[in-house]
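The values are calculated or read from the model by the stated rules, or taken from the named source; none is laboratory data. Only a predicted model underlies this, so the values are computations on that prediction, with no experimental measurement involved. Neighbour counts run over all protein chains shown; Cβ positions are idealised from the backbone, glycine included.
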Amino acid sequence: MIEIKFYITTPIYYVNDVPHIGHAYTTIAADIIARWNRVKGKEVFFLTGLDEHGEKIAEAALKAGLTPQEFVDSIAPKFIKAWEKLNISNDDFIRTTEERHKKTVIEIIKRIYENGDIYKGEYEGWYCTACESFWTEIQLNNGRCPQCGREVKRLKEESYFFRLSKYQKKLLEFYERNPDFVLPESRKKEMINRIREGLKDISITRKTVKWAIQFPFDKEHSLYVWVDALINYISALDFPGEKFKKFWPPDVELMAKEINWFHSVIWPALLFSAGIELPRKNFVHGWWTVEGKKMSKSLGNVIDPIEMVNKYGSDALRYYLFREVPFGQDGDFSEKSLVNRINTELADSLGNLVNRVLVLVEKNFDGYVPKPKEKDKLTKLSLNVVKAVDESMEEFRFHSALNDIFFLVNESNKYINENKPWEIEDKEKLGGILYNLLETLRFISILIYPFMPETAGKIMKQLGIEKKISFDDLKWGILKSGTKIKRDKILFNKIIL
């Protein structure tokens, strides 16, 4: 039985700079999942947004000669524009400077405080401003932040703490009962091992950071940015109202591997304390390098997704990112590889298939869908691919799904070459072959829709279909004979670097 609702989130991105390919990768992944679940008939709530508090933001604003609010207000539209260019279908865009978020944060913190899990103490330890993270002596890498490699500073100040240690056993029990809570398996094992090493209470307030949400029980303190940020997944649902009751908990929270600890240990513990149900699944993906090197401003190799879209189109970039590397693993971005996939797979295979079939229908049947004759191996293959893609998509194996879809594309091209429709004089037989190819194109358009929504729409339009894309339409024989096709320009042009 299909569940009615589906709630998916991206992490909220830090606004100290413009969006890069890492932000785009997570957001496109969430969009693919959201679109697939809509195709499956679920009511989807897809959330993304921005993390706008913290010391790092205040420093960036100061350098820019702006107030922190002016600074975040100047960056936010760049993310919104980027997601529009990439065809992101988010249902909400949360910003942590919004009143609805602040209100929810205070409510959740009050719940945790009233549960006896917040107490006053003194923090002394190493702090990385760039990562907004505290580290122990053992965690440091040659005296530097183990995450970004930058210098850390010693902090000693009064702070309020959250009793994370109290939830060590409960977290391990939860992981045991919910083996798919963190995926891939390797990322789950990392978290379990760290929990077993022993959890220490964590500082959740700062006295020296002013660009933050005020701690409700002591006006001299502000909330640590990570505690504030995590609550966005609740504040976007108008907690504790009807939207929260309808969509909570998240079915999937997507994130890169550097924030797994916050989402898979600290966040569940905070929710335990607040008496709120935990998310069902955290999927942790890898990082992108650029031609073997880590992306960095100093190397000048940070990939701008908008630049890539302007050069190659949104669908091509979306396709490449999830065709190139299995989702969850680290990947290496290469513009040469992107162009190669556009030329060979999108232009030569998919684009050529669509054009060949429609030209044959125009030439032999005046542009009208012929009558079906009999099902053949292409029918069976199309139905088998639907089943395989469905299984892959439900497990976030996007790479496998695309492999199967393009296997169907390539087999369809082979089917044309084997049957040689240009040599067939029997109109009934020819019509049956072309009908099978047109139906296969319809299947392909539905299956590629989450990855390449513009391309899927173009194929459907050329097939003379205007209805909303639905998984229920992945049944053979729905395309009606007599439908007028509307062949348009080719889907993808080949590119010369």
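Note on the stretch 174-263: no enclosed helices (runs of 4 or more DSSP H) hold 2 or more residues that are in contact with a helix residue (DSSP H, G or I) (Cβ under 6 Å, 6 or more places away or on another chain) and surrounded by fewer than 15 Cβ atoms within 10 Å (Cβ to Cβ). Restricting E124, E132, E157 to residues that are touching a residue at least 12 places away in the same chain (Cβ under 8 Å), farther than 28 Å from F71 by Cβ and in contact with a Lys or Arg (Cβ under 9 Å, 6 or more places away or on another chain) narrows the list to E124.
In this structure, L66 qualifies as modelled with pLDDT of 95 or more, under 18 Å from K210 (Cβ atoms) and either hydrophobic (A, V, I, L, M, F, W, C) or in a helix (DSSP H, G or I) (or both).
Residues that are in a helix (DSSP H, G or I), within 20 Å of P11 (Cα to Cα) and not basic (K, R) within the stretch 49-63 comprise E55, I57, listed in sequence order.
Of everything listed in (1) among the aromatic types (F, W, Y); (2) in contact (Cβ under 8 Å) with a residue 40 or more places away in the chain; (3) buried (at least 21 other Cβ atoms within 10 Å of the Cβ), the single unmet condition for Y368 is (3). Residues in the stretch 351-368 that are within 16 Å of D426 (Cα to Cα) and among the hydrophobic types (A, V, I, L, M, F, W, C): L360, V361, F365.
Comparison of F396, F406, F492, F451 shows that the only residue that is among the aromatic types (F, W, Y), surrounded by 16 or more Cβ atoms within 10 Å (Cβ to Cβ) and outside the structural domain of K380 (by TED's automatic domain parsing) is F492. Suppose we filter N436, N410 for residues that are touching a residue at least 60 places away in the same chain (Cβ under 8 Å), touching a Pro at 6+ places or on another chain (Cβ under 9 Å) and polar (S, T, N, Q); which single one remains? None of the other options fit; the residue is N436.
Here F71 does not fit the description of being assigned by TED's automatic domain parsing to the domain that holds T96, of a type in the set (F, W, Y) and within 30 Å of F451 (Cα to Cα).
Between G457, G431, the distinction of being over 33 Å from the mean Cα position of the chain (by Cα), of a type in the set (G, A, S) and at pLDDT 95 or above belongs to G431 only. Any residue in the stretch 20-36 that is more than 10 Å from the chain's Cα centre (by Cα), farther than 19 Å from V290 by Cβ and either at pLDDT 95 or above or surrounded by fewer than 23 Cβ atoms within 10 Å (Cβ to Cβ) (or both)? The answer is yes; a qualifying residue exists.
Residues are listed down the side, and each one gets a yes or a no for (1) over 24 Å from H285 (Cα atoms); (2) under 22 Å from the mean Cα position of the chain (by Cα):
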| position | (1), (2) |
| --- | --- |
| P179 | no, yes |
| I195 | no, no |
| I204 | yes, no |
| K210 | yes, no |
| E220 | yes, no |
| G241 | yes, no |
